[in-house]
Amino acid sequence: MNEIKQYAEQWNTSAQFFYEKKYYQWMCEKLTGFKTVMEIGCGTGYSTLALIHSGHKVVAIDKNLECIMAAKKLIADNGYTKENVIFLEGDVADAQFREQTLSKYACDIVICWNVGSYWNKQMIQSYVPYMLEYGLNIDQIKENPESSYSELIIWDACRISNVKGVPIHIIDRSGEIINEDTDPYFHALKDEFHFSKIVYDNHRAKSISSGGRVLITSGKVNHEGLVDIIFISVLMK
Ligand SMILES: C[S@@+](CC[C@H](N)C(=O)[O-])C[C@H]1O[C@@H](n2cnc3c(N)ncnc32)[C@H](O)[C@@H]1O
């Protein structure tokens, strides 16, 4: 099985678990009042399904075709159509995709939930020029490829929301809670992209560490079955 397909299958296990535990429902509650959502990295569609259930229209983007195919099937199996969601295959780090494709779609908010996954070293290497442009140096990238990639995608998501002039909602999995006092990182993004306000929230949860993205908490790889995590929610408007 190729790695892209393997990634999609593994992530699907995690996402289904999140869906059953109603974690996506908690994420959707942060989006009240925003009708059309541009979802960056929709994965295999469980987050998209929760968004539709919550009354949103979705423009769902993923660079992994296997994920898009699984997401399309999940949405169709639940009786939803193109009226509810448009799927776009593409890479948000690619300026051409952002400028020529994403620019055609309007939205009221951009979301970036649990993105930052990669499936092998070659893949991450192809993003080094983008990570350098973002402002990291080679040592930082080598030392922590996972969070370097994650930062790049969150930065690209902020660029998209900035061009569209809409808020952004970010969810990440963390080992620690986030608030005004413990967050220099999103604060810097808020200043860079001229958002006026950040609303934080945290949700203690469980995650399947063996499925989907390997969980790294405070620099340590976690291979246990179910692990404690905190979903951090950052809404910048
Ligand atoms: C861990 S999954 C999360 C899926 C969904 N947001 C959720 O919370 O269930 C991350 C998804 O982001 C996608 N992704 C990662 N980097 C991307 C990029 N540069 N452009 C578009 N999609 C990307 C991956 O292919 C994967 O399907």
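The values are calculated or read from the model by the stated rules, or taken from the named source; none is laboratory data. For clarity, every value in this text was computed on a predicted model and none was experimentally measured. A quick note on method: Cβ atoms are made from the backbone with ideal geometry, for glycine too, and the neighbour counts reach across all protein chains shown. These area figures cover heavy atoms from the full protein model, side chains too; ligands, DNA and RNA do not enter into them. Shrake-Rupley method; radii C 1.70, N 1.55, O 1.52, S 1.80 Å.
Heavy-atom surface analysis with a 1.4 Å probe gives the chain a carbon and sulfur content of 49 percent of its accessible area. Summing Cβ point charges (Lys, Arg +1; Asp, Glu -1) relative to the Cα centre of the chain gives a dipole of roughly 620 debye. Ranked from largest to smallest solvent-accessible area, with a 1.4 Å probe on the protein heavy atoms, D91, D156 come out as D91, D156. Computed extension gain for E143 through N120, at 0.36 nm per residue and net of the alpha carbon distance, reaches 6.8 nm. DSSP beta bridges fully contained in the chain are about 55 percent antiparallel. Across q = 0.14, 0.22 Å⁻¹, segment 93-144 modelled as identical point scatterers on its alpha-carbon atoms has Debye log10 I(q)/I(0) values of -0.52, -1.02, in the order of the q list. Extending 7 Å from the Cα toward the beta-carbon at both E3 and A95 defines two label points whose distance is 2.7 nm. DSSP loop trypsin sites (Lys or Arg not before Pro) in segment 80-139 with at most 15 other Cβ atoms within 10 Å of their Cβ, which ones? Answer in residue order: K82. A 1.4 Å probe run over the protein chains yields, for the chain, 49 Å² of accessible area per residue, whole-number rounding. Note that segment 77-178 shows a convex hull volume over its alpha carbon atoms of 155 Å³ per residue.
Structure note, pairs K190/K237; K57/K190; K30/K72; K73/K121; K21/K197; K57/K82: Cα-Cα distances above 20 angstrom occur for K57/K190; K30/K72; K73/K121; K21/K197. In units of the compact-protein estimate 2.2 N^0.38 Å, segment 48-105 shows a Cα radius of gyration of 1.15. When the alpha carbon coordinates of the chain are projected onto the principal axes, the ranges are 47, 40, 34 Å, largest first. Normalising the average separation of contacting C-alpha pairs (under 8 angstrom, six or more residues apart) by the number of residues puts the relative contact order of segment 3-236 at 20 percent.
Of the residues H194, H169, H56, the one that moves most in a GNM of the chain with alpha-carbon contacts below 10 Å is H194.
Looking at segment 150-193, which GluC sites (Glu not before Pro) are in a loop (DSSP not H, G, I, E or B) and have at most 13 other Cβ atoms within 10 Å?
Those that pass, being in a loop and sparsely packed, are E176.
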